[in-house]
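Enquirer: This is the structure I want to talk about, given as structure tokens.
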Amino acid sequence: MRPLMILAGLLMAGSAVAQDAEALKIDTRKQAMPVVPKVVGMMKETIKAEGHAGAIPVCKEKAPSLLKAKAKELGWNMRRVSLKTRNADRATPDVWEATQLADFNIRAANGESPASLEVGEVMTRADGKQVFRYMRALPVADVCLGCHGGAGQIEPDLQAQLDKSYPNDRATGYSVGQIRGALTVIRPLP
Ligand code: HEC
């Protein structure tokens, strides 16, 4: 093959991957994201019925277990990550995730709506298998402030509970519209 033809072939292969990534991003969003409004709705209802302290299990157990159940159903890996974790054991990002979270903050600072920040990439793992990695920002809403807000927004009783359960809590001091973290997905490709 002549060099130009090789170049054309490479460009075409490149755009096929880009198209696949775009289609995968749309499909991954469609399948993974409905868990988020479900958790937020549950959070609002529980806070109304039982106050903030009563709603701790929604962010602590319900959110991770709903994500786990959905991931199991799909055969994917799904969890929450943050650059300022409350539960570092569960939510510490890997290098790729930390890079994307930092990029989300930059994109938001440049005017992108935090609610629609997402990224998706086809990657080859060390064992040679391909995966699709997807992340979507989780922005701070009013309902989050009682447990992730600044001084004065977290009730003293609740603060005492948080201090006890999470001595290294870094997930406070947020305001509405900031990025609390992200939903992260690893989807095996055939
Ligand atoms: C009732 C208290 C409460 C409210 C309200 C709350 N959270 Fe949380 N959040 C927690 C607790 C407790 C954890 C630690 C969970 C764990 O142990 O894994 C947490 C953890 C998280 C994490 C996982 C990363 C980390 O820091 O460990 C994310 C992401 C998160 N919250 C986002 C939100 C968002 C977004 C909202 C609002 C829609 C919200 N939370 C509202 C209590 C709350």
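The values are calculated or read from the model by the stated rules, or taken from the named source; none is laboratory data. Worth saying up front: this structure is predicted, and the values here are computed from it rather than measured. Cβ coordinates were reconstructed from backbone atoms using ideal geometry, including for glycine residues, and neighbour counts include every protein chain displayed. These accessible areas exclude ligands, DNA and RNA; they are computed on the full protein's heavy atoms, side chains included. Shrake-Rupley method; radii C 1.70, N 1.55, O 1.52, S 1.80 Å.
Enquirer: Over what distance in Å are the Cα centres of region 141-190 and region 59-102 separated?
Expert: That distance is 13 Å.
Enquirer: Answer with one residue from Ile26, Gly41, Ala109: the one whose Cα lies farthest towards the positive end of the charge dipole of the chain, charges on Cβ with Lys, Arg +1 and Asp, Glu -1.
Expert: Ile26
Enquirer: With every protein chain left in place, what is the accessible area of Glu22 in Å² (1.4 Å probe, nearest 10)?
Expert: 90 Å²
Enquirer: Pull out a ≥ b ≥ c, the square roots of the eigenvalues of the alpha-carbon gyration tensor of the chain, then state rounded if a/c is under 1.5, prolate if not and a/b is larger than b/c, and oblate in the remaining case.
Expert: The shape class here is prolate.
Enquirer: How would Met42, Met78 line up by accessible area, probe 1.4 Å, largest first?
Expert: Met42, Met78
Enquirer: Let me ask you something else. Enumerate the aspartates and glutamates that Lys30 could reach by cross-link, defined here as Cα to Cα under 14 Å, with residues fewer than 8 away along the same chain left out.
Expert: Within the straight-line cut-off, Lys30 pairs with Glu22, Glu118.
Enquirer: Next up: Given an 8 Å cut-off on Cα distances and at least 6 residues of separation, report the relative contact order of the chain as a percent.
Expert: Over the chain, the number comes to 24 percent.
Enquirer: Another one. Counting only protein heavy atoms and using a 1.4 Å probe, what share of the accessible area of the chain belongs to carbon plus sulfur, as a whole percent?
Expert: 58 percent
Enquirer: Between Val95 and Ala109, what is 0.36 nm times their sequence separation minus the Cα-Cα distance? Round to one decimal in nm.
Expert: Gain on extension, Val95 to Ala109, equals 2.9 nm.
Enquirer: How much accessible surface area, in Å² rounded to 10, belongs to the heavy atoms of Ser175 with a 1.4 Å probe?
Expert: Surface accessible to solvent at Ser175 totals approximately 60 Å².
Enquirer: Hey, another quick one. Amide H neighbours of Gly181 under 5 Å, at least 5 residues apart or on other chains, H built in the peptide plane: list them.
Expert: Here the answer is Leu138, since their amide H atoms fall under 5 Å of that of Gly181.
Enquirer: Still on this structure, please answer the following. Projected onto the charge dipole of region 3-188 (+1 at Lys/Arg Cβ, -1 at Asp/Glu Cβ, origin at the Cα centre), which of Ala98, Cys144, Ser65 gives the Cα projection farthest towards the positive end?
Expert: Ser65
Enquirer: Return the long-range amide H neighbours of Leu117 (sequence gap of 5 or more, or a different chain), with a cut-off of under 5 Å between placed amide H atoms.
Expert: Ala137
Enquirer: Additional query: Rounded to the nearest 20 debye, what is the charge dipole size of the chain about its Cα centre when +1 sits on each Lys and Arg Cβ and -1 on each Asp and Glu Cβ?
Expert: 400 debye
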